[in-house]
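Laboratory data are not the source of any read-out in this text; all were calculated from the coordinates shown. Everything numeric here is computed off the predicted structure, so don't read it as measured data. Reconstructed Cβ throughout: ideal geometry from the backbone, glycine too, with neighbour counts over all protein chains shown.
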Amino acid sequence: MTYQTDIAQLGQTIEGAGSPWNAIDAESASRMRMQNRFPTGLDIAKYTAKIMRDDMAAYDADPADYTQSLGCWHGFIAQQKMISIKKHFGSTKQRYLYLSGWMIAALRSEFGPLPDQSMHEKTSVPALIEEIYTFLRQADARELGGMFRDLDAARERGDAVEAKRLENAVENYETHIVPIIADIDAGFGNAEATYLLAKKMIEAGACAIQIENQVSDEKQCGHQDGKVTVPHEDFLQKIRAIRYAFLELGVDDGIIVARTDSLGAGLTKQIAVTKEEGDLGDQYNAFLDCEEIDPANIKNGDVFLSREGKLLRPKRLPSNLYQFRAGTGEDRCVLDSITSLQNGADLLWIETEKPHIDQIAGMVDRIREVVPNAKLVYNNSPSFNWTLNFRQQVYDAWEAEGRDVSEFDRAKLMSVDYDSTELAHTADEKIRTFQRDAAKRAGIFHHLITLPTYHTAALSTDNLAKEYFGDQGMLGYVKKVQREEIRQGIACVRHQNMAGSDMGDDHKEYFAGEAALKAGGKDNTMNQFAAA
């Protein structure tokens, strides 16, 4: 439906209501409708799920078409990301948002800052999804509002060509609404609890939900020690629960990201149920660290497994947890991934301890022997020391090639003394192309950074505080913040406009006509930034 067609239809509706609606302007109503394209979270979930499905198909056709996102912990942060992306790249295509459970725990819990252990309120997750999309819808309304004001100005000047161009721009407007991959941790309870929370997340707008194979009440950050996984059947129940939630709410294209923490998880809370040799439970139990025992030496409280006619005792820790055999992490990741894809997951997430393409690709190659179109979401985590890791990778490669590396101390490659060396430049180039190279070689469809704005907020605040409370005083803010906002065209320099003041003026005029008391008059100090 074109802009003018929508106005005409609304005009007929208003006319049909008779004189009580005489003060309602069809074009104003049409504009408000265009500024609120997505009335509900389910509308958003359905729209963004199709985007992700199309992007997944494009990646299958060409691995150069990978996607990216940045983690966010507030609606404003998400809004500014998407405004920035549209400003710099002209389109939001293949660029998503990631909702990090780590950042919700650290920044959004009523208990105050918490570690990433699922101790925060689970209602915080759908609440943040809703908040993010509220801010993204506001970004649409604000940008369209500016286009409408420009259209009115062109009409007043009698510039029909510019008016038509703006009408076409309105009709072909690209929304700031993009997919969110949302972290449900380990499901915050059993499968029923996972289903209930997934519904709330989908109703808030989530089209993609990421769930990990850890024990809910023992959940740890993927880059910390002490992770405890669950048998496959327990995890698959939660995957099914999420799929049922998507289907119940009519989001048939909803995406499930199955995360395995097995690479760094050496513990399990349960011995899997097994009915016959070689079934999934038996495969899980085969990774347990066991010792063969003599039936005559059975002790009170011992737990046993029978395998190939032998009586085995899994090693149980004082915590009542069982441990896996050392060196089985990659095998368990591969089995986790294949099993998840065969039972309803759409994408994989393998949590690793370092960003190493060959390590990731080695597992993906094995997975793709069974599931050829397996694709990953990968955490480009700030928990990795990227500089040190890649300098060490270059060092090791050079050493293997027989190059002289005697000028370097491998353990101290992070040192600023090496920053201008060829090794450092080579490592930086590998970091720059990591996402592109990993997408092609290691099956990574989506690259995300979980905590980027947590770190940028800390860094920028430190720099501002150092300047403002030091000798620079107000110049510390003006030179490093406001002047840079102006020079770089950051929309937030006009913060009243960003907060919706001009949209409020538009509505006042719609509602009150000439009697509207508007905030954007000549005495509004935001006018000082008009030239900027």
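Approximating the spin labels as points 7 Å out from Cα along Cα→Cβ, the residue 525-to-residue 147 distance works out to 3.3 nm. Computing FRET efficiency as 1/(1 + (r/R0)^6) for residue 294 and residue 455, where r is the C-beta to C-beta distance and R0 is 51 Å, gives about 0.35. Legend: calculated FRET efficiency, residue 168 to residue 19, from the Cβ-Cβ distance at R0 = 30 Å, rounded to 0.05, equals 0.30. Ranked for footprinting exposure by Cβ neighbours inside 10 Å, fewest first, 227, 479 give 479, 227.
Please rank 244, 98, fewest neighbouring Cβ atoms within 10 Å first, as an exposure proxy.
In increasing order of surrounding Cβ atoms, one gets 244, 98.
How much net charge surrounds residue 12 when only the other residues with a Cβ under 15 Å from the Cβ of residue 12 are counted, with Lys and Arg +1 and Asp and Glu -1? Once positives and negatives cancel, what remains is -3. For an R0 of 41 angstrom, estimate the FRET efficiency from the Cβ-Cβ distance between residue 33 and residue 354 and round to the nearest 0.05. Step by step, r from the Cβ atoms, then E = 0.25.
Over the chain, all Cα pairs binned in 10 Å intervals from 0 give whole-percent P(r) values of 3, 15, 23, 23, 17, 11, 5, 2, 1, 0, 0, listed from short to long. Going 7 Å from the Cα of residue 320 in the Cα-to-Cβ direction, what parts of the stretch 245-286 have a backbone nitrogen less than 13 Å from that spot? Hits in the stretch 245-286 for residue 320 at 13 Å: 269-271.
Fully extending the segment from residue 156 to residue 411, taken as 0.36 nm per residue of separation minus the present Cα-Cα distance, adds 84.9 nm.
Loop-resident GluC sites (Glu not before Pro) (DSSP state other than H, G, I, E or B) in the stretch 315-379 with no more than 12 further Cβ atoms inside 10 Å of their Cβ: 369. In loop segments of the stretch 277-307 as defined by DSSP, the GluC sites (Glu not before Pro) with at most 15 further C-beta atoms inside 10 Å of their C-beta are 277.
Ranked by the mean number of other Cβ atoms within 10 Å of their residues, highest first, the peptides 112-120, 516-524 come out as 112-120, 516-524. Scoring 82-92, 423-433 by mean Cβ neighbours within 10 Å over their residues and listing the highest first yields 423-433, 82-92.
Arrange the peptides 337-343, 394-400 so that the one whose residues have, on average, the most other Cβ atoms within 10 Å appears first.
On the way: 337-343: 20.7, 394-400: 15.1.
For the peptides 337-343, 394-400, the packing ranking is 337-343, 394-400.
Among beta bridges identified by DSSP and lying wholly in the chain, the antiparallel ones come to about 25 percent. Run the numbers for residue 437 and residue 84: contour at 0.36 nm per residue of separation, minus the present Cα-Cα distance, in nm. Here the answer is 124.6 nm.
Considering all different alpha carbon pairs of the stretch 1-60, the Kirkwood hydrodynamic radius works out to 13.9 Å.
Simple point charges give the picture: +1 on the Cβ of Lys and Arg, -1 on the Cβ of Asp and Glu, and for the stretch 37-182 a dipole about the Cα centre of about 140 debye. The trypsin sites (Lys or Arg not before Pro) found in the stretch 228-303 that occupy coil by DSSP, while having at most 12 further C-beta atoms within 10 Å, are 275, 299. Taking 16 Å as the straight-line reach from the Cα of residue 299, the lysines in range (excluding those fewer than 8 positions away in the same chain) are 315. In this structure, the pairs whose alpha-carbon distance is over 28 Å, taken from 93/430; 479/522; 269/440; 46/122; 199/440; 227/466, are 269/440; 199/440; 227/466.
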